[in-house]
Amino acid sequence: MKTFRFWLTLLMCVVLWTTVTSCFNSAPNYINTNKTRNIHLIVKMNRGDYWTTVKLGAEAAAQEFNVELTFKAPDSESDITEQVKMVQDSIKEKADVIILAASSYMGLAQVVDQAAYSKIPVISVDAEVGSARVRTYIGSNGYEAGQKSAERLIKLLKGYGEVGIINFTNSTQSEKLESSNGIEYGARDAEEREKGFLNYTARYPNIQVVEISYTTSSIKDAEDLTQLMLLKHPNLRGIASLNETASQGAAMAIQSRGLKNIKMVAFDSSPSMMELLQDGAVQATVIQNPFNNGYLAVKHAVEVIEGINVPERVDTGTKLIDLDNMLWPENQKLLFPFVR
Amino acid sequence: MRQEKSYSFRLRPQHPKGGKRRLSSKLRSIQVTITLTFTSVAVLVAVVVSLMLYNKFAKTAEENANMNIQQIIEQVNYNLELYVKGMRNIFETAEDQITNSPSVDSALLMERMAMLMGSREDLVSAAVFTPQGKYVVGTAGQKLRSNTQLETQSWFTTAKKTSEISYSAPHIQNLFKGQYIWVVSISKLIQYQEKGELKTGILLMDFNFRTIDELSKQVKLGKRGYAYILDQLGNIVYHPQQQLIYAGLKYENVEPVLEYAYRSYLDESTGEKRFITVRTLEQTGWKIVGVAYYDEIVTTKRDLNTFLSWFLAVVILCVIIVSVFLSARIARPIRKLERTLQQVGEGDLNTRIDVSGAYEVEQLSKRFNLMLQRIRQLMDQIIYEQETKRKGELEVLQSQINPHFLYNTLNSVIRLAERGKTEEVVTMIQSLSKFFRISLSKGNNMITVQEELDHIRHYLVIQSFRFKNKFRYEIIAQDEVLQCQTIKLILQPIVENALYHGIEMMPDEGFISIQAELKDNLVVIRISDNGLGMSKETMKVILTGGSKSMSGSGVGVRNVNERIELYYGREYGLSFESEIEEGTTVTLIFPALAKGEGNEGLKEDETSS
């Protein structure tokens with residue numbers, strides 16, 4: 001009897017309590033911003049407009065979602081060892097999430113596994129890494145970008161002529177790295193773009209890719225390589241460059257020599273590239289969406305922490321920009337980050 | 001149904017076996033009823049009051065917050081208006097100077113323009129173009145790029161169309177070498193002089209977003225709230241997350257905003273409740289839109305919410321505790337009373353109800369105690385009376401055939417027979433047989449007065465033989481009294497008493513008179529003798545018990561009195577008048593009942609035994 005009444009009373013209390021509280025409260029459905037998260041963003045290089053824009057996007061998201069963003073990058077895109085070390089440091093510092101733009105597809109695979117082992121989620125941005133433990137990839141489709149570049153260059157060349165490619169670090173070129181025994185040590189995005197480009201040009205028998213030069217990540221080096229290529233192949237009619245530094249170097253070489261008859265399709269959208277485009281030194285450029293890459297990477301990182309499901313792959317798209325469409329309002333918005 | 005009724009009337013209440021029934025009876029108990037009622041009423045009142053308070057406060061808080069937001073947006077609107085006015089002033093000054101200058105490429109104008117440019121940080125560039133898009137003049141040091149496509153740009157086309165000052169949407173300034181920056185362009189068709197010739201041209205001034213940014217950044221609408229600016233066409237001029245919107249990562253629902261110049265409304269298109277305030281700048285037609293998140297506006301509401309829910313919880317808890325205690329206090333004495341009464345019901349009349357508690361309950365228990373006491377008294381009385389009755393009847397039965405009396409009488413008969421007094425023997429035996437017949441009277445308790453008088457006559461006849469004419473007697477009865485009913489053998493003990501104690505010891509001849517009459521519907525039988533009489537003490541002893549003549553028939557005078565009292569009531573019975581040496585008169589008084597009535601009384605007697 002006594003216990004029966006006690007339980008009855010308790011039940012009554014509980015029922016009343018739930019009734020009362022359920023009337024008033026409802027859970028918020030946006031990402032909780034009360035907690036500060038530690039997210040480490042490690043990209044390929046600490047210079048260049050492209051990476052600055054990625055960082056800008058990441059910072060925008062960091063501000064929005066209350067994230068303490070640590071930005072790290074080696075001095076050069078080919079410095080794989082340094083990048084590996086940075087990831088290791090981040091693991092040691094117990095980052096909540098590591099966002100990585102891997103300089104080498106295989107070179108960083110091991111350290112990413114290591115991070116996953118330490119229960120730190122890893123998100124790939126721009127360049128993929130050879131690990132199954134990566135939660136999501138945010139970036140553009142390199143293969144498609146390469147094809148777009150090839151398509152436009154072939155159109156500019158009217159379907160015939162010799163073509164040179166200025167690409168960036170690749171395993172075949174990086175003998176100086178301690179790695180060897182046949183493992184791919186190139187950056188995934190560089191490979192994909194090259195593959196896309198070559199596969200597209202293979203359909204045109206009159207187009208010969210006469211040389212593929214691999215530059216380290218300096219404009220000067222790219223310029224020199226382009227000069228060399230121009231000397232080696234006097235019949236060269238077109239140049240495709242597959243990343244920002246390569247594009248700038250190549251464009252400068254062409255501009256300095258005043259070669260009007262060499263068509264060039266560049267990559268990425270630095271302000272100087274826009275200037276070159278407007279000046280007519282470069283006929284077109286394939287742009288990616290660095291701001292979105294940075295923003296979405298951080299946003300998805302926060303979602304990973306919150307336990308929200310994130311898509312396996314986010315394609316932020318590529319676009320071909322030329323003089324005609326560069327001032328279209330929607331392209332303006334893509335090409336020039338709104339910086340205050 | 002009947003079955004249940006019979007259950008509830010059982011002397012010993014049996015515990016129902018079904019659990020459901022048990023629950024319902026528990027639920028019906030005073031304590032649970034009081035607890036539930038009290039709690040539900042209190043909780044209902046508390047909930048209603050809190051809801052009313054909540055609604056009232058929440059409404060006020062919301063109104064205040066809305067007002068606040070509107071004021072903030074109003075303020076921003078005012079500041080921006082000032083800023084736009086400032087831009088316009090600069091533009092007009094520049095226009096003035098160019099128009100009034102004798103030549104556009106004069107050094108004085110250049111200097112003035114440079115000064116104007118230097119005066120404002122947010123002024124990026126100024127230039128004059130011909131309507132064909134040819135560059136005429138501009139701030140010093142700026143180099144025009146090639147492929148500018150300026151003829152297609154909006155500032156150029158709108159300026160050509162109207163003579164008013166036009167403000168462009170944000171765009172990239174691609175005209176001059178250096179950086180590509182986002183600007184708002186102000187342009188107008190103006191007149192200028194070149195080499196003495198009056199020409200029309202388009203004056204362009206580009207402003208960057210520094211000031212607009214600063215003005216808008218100050219807007220704090222809660223933690224997440226913000227303000228943005230739209231131009232007439234719905235292009236976003238300024239947005240705190242402009243790049244995200246440009247990149248297509250964020251969207252702003254501008255359609256409902258564009259329809260109104262001045263409006264405040266609640267927007268739920270993003271799934272979240274947002275409070276949106278729209279104001280329009282007069283000169284540019286730009287719209288300032290304040291976005292505040294509803295759940296942030298109503299933080300007061302949420303605070304109130306938590307407070308009220310805690311308050312309610314505490315109140316409910318208190319109410320439950322208080323009502324449980326209160327009901328227990330009220331119900332406990334009643335339950336105790338009930339338990340005690342159950343004991344009483346089970347037959348323990350000696351239970352003492354001693355319950356303290358509420359005044360009513362105390363009174364109830366007191367009254368119950370009194371009632372129990374009375375019941376006990378009555379029970380005792382009944383028991384006593386029944387016992388006496390039995391005893392009396394037993395004695396009467398015994399007296400019906402008294403061996404001592406029989407033996408004495410038979411002795412007298414033998415003596416008479418020896419002397420050969422046959423006639424007297426016959427009379428004696430006849431009287432004896434009649435005496436016994438009436439004594440037995442078929443086992444009936446009630447007989448008529450006639451029979452009773454016959455009975456005593458026979459007795460006196462027998463006794464007169466035994467006492468050898470030591471006494472005389474007379475029996476006088478009214479005719480009306482003869483058919484009245486009486487309990488049998490009430491006269492014999494008294495007459496016996498008179499004979500053995502009054503007359504036997506007397507030297508003179510005794511006289512016994514028996515008179516029966518009907519007086520005020522009462523039967524009055526008077527038995528008087530002229531014997532020795534009694535002292536007052538003896539009279540008392542006779543009625544209260546004690547002495548019983550062993551020589552007599554065994555049925556005492558007291559027995560007669562008790563029997564009359566038990567049959568007819570305490571007001572009836574025997575009374576004595578006696579004087580030493582003078583004699584005694586015993587008066588019997590009892591109600592006159594006809595034969596039928598007497599039988600009834602007899603039957604009642606039978607059932608009660």
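A few comments on the model shown:
- Residues A:K263, B:K301, B:K220, arranged from fewest to most other Cβ atoms within 10 angstrom of their Cβ, appear as B:K220, B:K301, A:K263.
- FRET efficiency estimate (nearest 0.05) - Cβ-Cβ, B:E474 to B:N411, R0 25 angstrom: 0.40
- Once C-alpha pairs closer than 8 Å and six or more residues apart are averaged by separation and normalised to the residue number of chain B, the relative contact order reads 10 percent.
- 3J(HN,Hα) from dihedral phi, region A:238-246, Karplus parametrisation 6.51/-1.76/1.60, rounded to Hz, x for glycine, proline: x, 10, 10, 10, 10, 8, 5, 5, 4
- Backbone geometry of region A:218-225 corresponds, through the Karplus equation with coefficients 6.51, -1.76 and 1.60 at θ = phi - 60°, to 3J(HN,Hα) couplings of 9, 4, 4, 4, 5, 4, 4, 4 Hz, x marking Gly and Pro.
- Compactness ratio for the protein assembly as shown: Cα radius of gyration over 2.2 N^0.38 Å (N = residue count) comes to 2.18.
- For region A:38-129, the residue among A:H40, A:A115, A:S76 whose Cα projects farthest onto the positive side of the dipole built from Cβ charges is A:A115.
- Exposure proxy ranking, count of Cβ atoms within 10 Å, fewest first, for B:C484, B:C318, A:C13: B:C318, A:C13, B:C484
- CD proxy at 222 nm, helix term only [per DSSP H run n ≥ 4: -39500 (n - 2.57); per residue of chain B; nearest 500]: -17500 deg cm²/dmol
- Amide H contacts for B:G138 (H built 1.01 Å from N in the peptide plane; partners 5 or more residues away or on another chain; cut-off under 5 Å): B:V128.
- Principal-axis tilt of helix A:80-92 within chain A, Cα atoms, nearest 10 degrees: 10 degrees
- Modelled FRET efficiency - R0 35 Å, B:T422 with B:T388, Cβ distances, 0.05 increments: 0.15
- Electrostatic bookkeeping for B:K273 treats Lys and Arg as +1 and Asp and Glu as -1; over the other residues with beta carbon under 9 Å from its beta carbon, the sum is -3.
- Mean Kyte hydropathy of -1.0 or more with a Cα span along the axis of at least 30 Å, helices from DSSP in chain B: B:30-100, B:299-345, B:359-400
- For B:S103, net neighbour charge (Lys/Arg +1, Asp/Glu -1) across residues whose Cβ lies under 9 Å away: -1
- Region B:25-49 residues near the modelled B:V314 label - backbone nitrogen below 16 Å, point 7 Å along Cα→Cβ: B:46-47
- Other-chain or far-sequence residues with amide H under 5 Å of A:G317's (modelled H): A:N141
- Applying 1/(1 + (r/R0)^6) with R0 = 60 Å to the Cβ-Cβ distance of B:A58 and A:N261 gives a FRET efficiency near 0.20.
- Each residue of region B:228-239 was assigned a 3J(HN,Hα) from its phi angle through the Karplus curve 6.51 cos²θ - 1.76 cosθ + 1.60 (θ = phi - 60°); the sequence is 9, 10, 10, 8, 4, 8, x, 6, 7, 7, 9, 8 Hz, with glycine and proline shown as x.
- Charged-residue dipole, Cβ positions (Lys, Arg, Asp, Glu), region A:142-287 about Cα centre, Debye nearest 20: 680 debye
- Student exercise, the protein assembly as shown dipole from Lys, Arg, Asp, Glu Cβ charges, in Debye to nearest 20: 1120 debye
- For the protein assembly as shown, with +1 on Lys and Arg beta carbons and -1 on Asp and Glu, the positive-most of A:Q255, B:Q149, B:V586 along the dipole: B:V586
- Sorting B:D267, A:D75 by the number of Cβ atoms found within 10 Å of their own Cβ, with the fewest placed first, yields A:D75, B:D267.
- Over region B:138-248, Cα pairs under 8 Å with separation of 6+ residues give a relative contact order of 18 percent.
- Residue-count net charge about B:H455 - beta-carbon cut-off 13 Å; Lys, Arg +1, Asp, Glu -1: 0
- For region B:476-514, the residues whose backbone nitrogen is under 17 Å from a point 7 Å from the Cα of B:K595, taken along Cα to Cβ, are B:479-488.
- Applying both filters, DSSP loop and at most 13 other Cβ atoms within 10 Å, to the GluC sites (Glu not before Pro) of region B:304-373 gives B:E346.
- Overall Cα dimensions of chain B - principal axes, largest extent first, Å: 204, 44, 37
- Spatially, region A:202-271 and region B:285-357 are offset by 84 Å when compared through their Cα centroids.
- In region A:142-287, Cα pairs under 8 Å separated by at least six residues give a relative contact order of 29 percent.
- Fraction of the pair-distance distribution of region A:142-287 above 20 Å, Cα-Cα pairs, percent: 42 percent
- Computed magnitude of the charge dipole of chain B (debye, nearest 20; Cβ of K, R +1, Cβ of D, E -1): 2140 debye
- Relative to the longest principal axis of the Cα atoms of chain A, the long axis of helix A:49-64 lies at roughly 10 degrees.
- A:I99 long-range amide H proximity, modeled H, under 5 Å: A:H40, A:L41, A:I42, A:I123
A short reminder: the numbers here are calculations on the coordinates, not readings from a lab. A quick note: this is a predicted structure, and the numbers were derived from the prediction, not measured. Every residue, glycine as well, gets a Cβ built from its backbone with ideal geometry; the counts of neighbours run over all protein chains shown.
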